[in-house]
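Everything below concerns the one structure shown next.
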Amino acid sequence: MVAERNYPADLGMIRANRLALAEARIVEEKTSTPDLYERLGVQDIALETARGVQLEISGTRTPIRLIIGEAAGGSSDMGYVRRGGESQSWLVSGRFTPGKTTGEWLDRQLLDIPATRIQAVIITHPGTDTLRLGKAAREDTEFTVADIPADRELSYPGVGNALGALLAGLQTDDVHGREALGDNPGKPVVARFHCFDGLIVEASAWRTPDGTRMSFLASIDPARAEGHAGADAPASDAVRAEAAAINARLGGWIYTLPGHKTEQFTRRLQDLLAPAATP
């Protein structure tokens, strides 16, 4: 867990840094003079001028606290470090990649639902502006956009396919508590993704002074889930379990997604159409 947010951490980053630490070797002794630490980036991290990252690992026989400073001469294989509480600094070998911000340590993976599972996407803006697209069968390769005016056409064939694939490999840039929405966030844009197997994922997007913030909620369509399962009741149970797992992991959190993803979640029908012909 990332303690500052109480949110799951990126296990890959943790493993990479623990491995780098295990494989690190001292190359040579460097300065033990505090006035010279800044040159190596190993000042105490409490200082405003600190450029390093303090890596702490507990649960081992001997807890480790290490200030990781600059790479040596731009090398990715060697860098400067200093043990917390000690004056001596060192040049060591090793590929340390500690994130300097809380967001870099978070587990960025949100959802991974492929477009082949998506039957329909409905994006509703506050008011009456709604974009609908869908597929008749799972094996269809393109999403059909509904409600196209008679005198308009799509900007290009398959323009809606990117919306159907939004939940595949979806990642976040940062995670926040509900307070990120402020006291009066207003009504969100809501994108609902209906799966052929009955899973429904609802993505809500609010525009705030700090940018667009999003939340995710899963539910199921019981009739579709049971119809999809047929005689195989466990398949329906699996969809229920998936929805519960999504809510347990993502519920109650507010997310900042990459800008290009946020734009897709808030598309309007007009965005998918070619410019209107001039008289």
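The values are calculated or read from the model by the stated rules, or taken from the named source; none is laboratory data. These figures come from a predicted structure and were not determined experimentally. Glycine gets a Cβ as well: all are built from the backbone with ideal geometry, and neighbour counts include every protein chain shown.
Figures for the structure shown
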| quantity | calculated |
| --- | --- |
| Strands (runs of 3 or more DSSP E) lying entirely in the range 88-142 (those with 3 or more residues that are aliphatic (A, V, I, L, M), under 26 Å from THR266 (Cβ atoms) and in the same structural domain as GLY186 (by TED's automatic domain parsing)) | 118-124 |
| The range 6-28, residues that are of a type in the set (Val, Ile, Thr) and part of a helix (DSSP H, G or I) | ILE14 |
| Candidate set from the range 172-207 (those that are among the polar types (S, T, N, Q) and surrounded by 15 or more Cβ atoms within 10 Å (Cβ to Cβ)); member that is nearest to LEU257 (Cα to Cα) | THR172 |
